[in-house]
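The values are calculated or read from the model by the stated rules, or taken from the named source; none is laboratory data. Here the structure is a predicted model, which is why all the values come from computation and not from measurement. Neighbour counts are summed over all protein chains in view; Cβ atoms, including those assigned to glycine, are modelled from backbone coordinates with ideal geometry.
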């Protein structure tokens, strides 16, 4: 198979392609600056230093004379995303098939386009989101890729990649600077900016949801695929108690089960991504969702009073629906349900798998693709006795009369994401921090900015950090393909209850596609939701 630059760029917006089973040989991962002390010991089948957290200085190996090798891969493949929290003036050098293709200060990798005099002007392909530098410009390589940093490059990096089957021919990296491809990049950036859909269609269904009952919003027979979903709740602030379920192919087990805001990736504040968001009072999702023998979407009202909801579903023919993967979205407070008691002991504070928190465990899902997750965090505490009138944020800057440590430790986002593909013992994706996964950085320091971008959003977080945070990342071009199964964990250093009245709880909604029917999901009740509210 021969790929063109158009093919690589289309991968950033082609949601339909996510429904196709990955061919053998397609795989992905992330090489990052994570702490290399974390390792798997095969003879003892244990994990060593699994909670090591010096994630800013890790590398593949040191270079003679200074500098580091940050990433090294065999092809054919492409880099799908580059992120850094602190790119500096030290140089990044990218060698593609042993030829130097990039040589510039690391900060300019995110802010300049090749040797252009003018600064880079692709703000949606290369967004800076709440201090985090992101680039979704593909870097294709045929045989091998090596990334080197010279001294002074900065701290914290991630290189997310996709490897293609061996018969794939990828385009030359330098062709990105051709006139044709520059125009294609400009069009793509504008497409990503024009990501918020228009108004709510008139042909929507209006449904009254009685209390404590699952009500059908939409149903169809035959085969096809959903291409657009729009829901309007009477008040987005009160949508948390509406539970969405979606069923494919006459199954009685929902493939989608999540609170309405969590499914769409946010809470009450408007936000916009390529995949889903909240536009005014309209929730939208453009996931492509195939079915071969009917489909049904329901909503359960957990409130004690009726709720009104409007729904619009757009479909398209799908003659090969039987061969397509099935969409899933699963909400969890920690996916311990399918884990044996003895295995769960490994995740306690004295176990070798601490501080891993399970957000998705599908070891027998068959082939599929993992496409990101939404994280709702309840991070709340009792404010310190000392007044913070002298500074807009207590302990910032450091106050020698009140040591910062006790209150700095409230921060929830240090935990790395770890993705295990097809039963691998060491994760092919090993991140550098939860906020880094979502594309921002230094979020333990104020101010706490809200943002949205084509593939990520932070739509809710209190100004002082005390309350509920809502962050989402959608992995489209950088989805994680698997052939047998997939497991995702997120490090959680803080206990659910900590300090004097402090709480730190996670609820995650994982998105993806799978060939095999998934096991029954965890239930979502008013009691489950209540533990995630201030």
For region 244-266, name all the residues that are touching a strand residue (DSSP E or B) at 6+ places or on another chain (Cβ under 8 Å) and not in a strand (DSSP E or B). 249, 253, 254, 255, 260, 261, 262, 263, 264, 265, 266
Mind checking which residues of region 318-345 are over 24 Å from residue 478 (Cα atoms), in contact (Cβ under 8 Å) with a residue 40 or more places away in the chain and more than 21 Å from the chain's Cα centre (by Cα)? 318, 319, 322, 337, 338
Does residue 46 satisfy the condition of being out of contact with any strand residue (DSSP E or B) (no Cβ under 6 Å at 6 or more places or on another chain), under 28 Å from residue 485 (Cα atoms) and either buried (at least 22 other Cβ atoms within 10 Å of the Cβ) or outside the structural domain of residue 318 (by TED's automatic domain parsing) (or both)? yes
Given (1) surrounded by fewer than 24 Cβ atoms within 10 Å (Cβ to Cβ); (2) within 22 Å of residue 196 (Cβ to Cβ); (3) modelled with pLDDT of 95 or more, identify the lone condition not met by residue 509. (1)
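Given the options 390, 422, 379, name the one that is outside the structural domain of residue 127 (by TED's automatic domain parsing) and at pLDDT below 85. Reasoning before the result, please.
On the way: 422 fails: at pLDDT below 85; 379 fails: at pLDDT below 85.
Being outside the structural domain of residue 127 (by TED's automatic domain parsing) and at pLDDT below 85 holds for just one of 390, 422, 379, which is 390.
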Region 165-180: number of residues that are surrounded by fewer than 20 Cβ atoms within 10 Å (Cβ to Cβ) and either part of a helix (DSSP H, G or I) or in contact with a strand residue (DSSP E or B) (Cβ under 7 Å, 6 or more places away or on another chain) (or both): 7
Quick one: is residue 230 under 22 Å from residue 457 (Cα atoms), in a strand (DSSP E or B) and in contact (Cβ under 8 Å) with a residue 40 or more places away in the chain? yes
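Results for (1) assigned by TED's automatic domain parsing to the domain that holds residue 121; (2) at negative phi; (3) at pLDDT below 95; (4) crowded, with 21+ Cβ neighbours inside 10 Å, shown as yes or no for each residue.
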residue	(1), (2), (3), (4)
209	no, yes, yes, yes
212	no, no, yes, no
222	no, no, no, no
229	no, yes, no, yes
232	no, yes, yes, no
245	no, yes, no, yes
248	no, yes, no, yes
270	no, yes, yes, no
290	no, yes, no, yes
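Matching residues to (1) in contact with a strand residue (DSSP E or B) (Cβ under 9 Å, 6 or more places away or on another chain); (2) in a loop (DSSP other than H, G, I, E, B); (3) under 23 Å from residue 253 (Cα atoms):
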{"site": "268", "(1), (2), (3)": "yes, yes, no"}
{"site": "274", "(1), (2), (3)": "yes, yes, no"}
{"site": "277", "(1), (2), (3)": "yes, no, no"}
{"site": "284", "(1), (2), (3)": "yes, no, no"}
{"site": "287", "(1), (2), (3)": "yes, yes, yes"}
{"site": "297", "(1), (2), (3)": "yes, no, yes"}
{"site": "300", "(1), (2), (3)": "yes, no, yes"}
{"site": "305", "(1), (2), (3)": "no, yes, no"}
{"site": "310", "(1), (2), (3)": "yes, no, no"}
Only one residue in 104, 126 is surrounded by fewer than 23 Cβ atoms within 10 Å (Cβ to Cβ) and outside any strand (DSSP E or B), so which one is that? 126
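Taking only region 107-119 into account, find how many residues are in contact with a helix residue (DSSP H, G or I) (Cβ under 9 Å, 6 or more places away or on another chain) and part of a strand (DSSP E or B).
Narrowing region 107-119 to residues in contact with a helix residue (DSSP H, G or I) (Cβ under 9 Å, 6 or more places away or on another chain): 113-116, 119.
With part of a strand (DSSP E or B) added as a condition, the list becomes 119.
Residues meeting the conditions: 1.
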Contact list please: Cβ distance under 6 Å, first residue in region 40-65 and under 20 Å from residue 85 (Cα atoms), second residue modelled with pLDDT of 95 or more and exposed (fewer than 14 other Cβ atoms within 10 Å of the Cβ), pairs at least six apart or on different chains. 52/37
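Residue by residue, here is whether (1) within 26 Å of residue 36 (Cα to Cα); (2) part of a helix (DSSP H, G or I) holds:
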residue	(1), (2)
140	no, no
146	yes, no
161	yes, no
182	no, yes
185	no, yes
189	no, yes
219	no, no
Selection from region 21-56 of residues more than 16 Å from residue 163 (Cβ to Cβ), within 22 Å of the chain's Cα centre (by Cα) and not in a loop (DSSP other than H, G, I, E, B) yields 32
Over region 348-365, the set of residues surrounded by 17 or more Cβ atoms within 10 Å (Cβ to Cβ) and within 25 Å of residue 512 (Cα to Cα) is 353, 355, 356, 357, 358, 359, 360, 361, 362, 365
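If I ask for residues that are under 18 Å from residue 191 (Cβ atoms) and without any contact (Cβ under 8 Å) to a residue 60 or more places away in the chain, which ones from region 122-132 would you list?
Residues of region 122-132 under 18 Å from residue 191 (Cβ atoms): 122-127.
Of everything in region 122-132, just one residue is under 18 Å from residue 191 (Cβ atoms) and without any contact (Cβ under 8 Å) to a residue 60 or more places away in the chain, namely 126.
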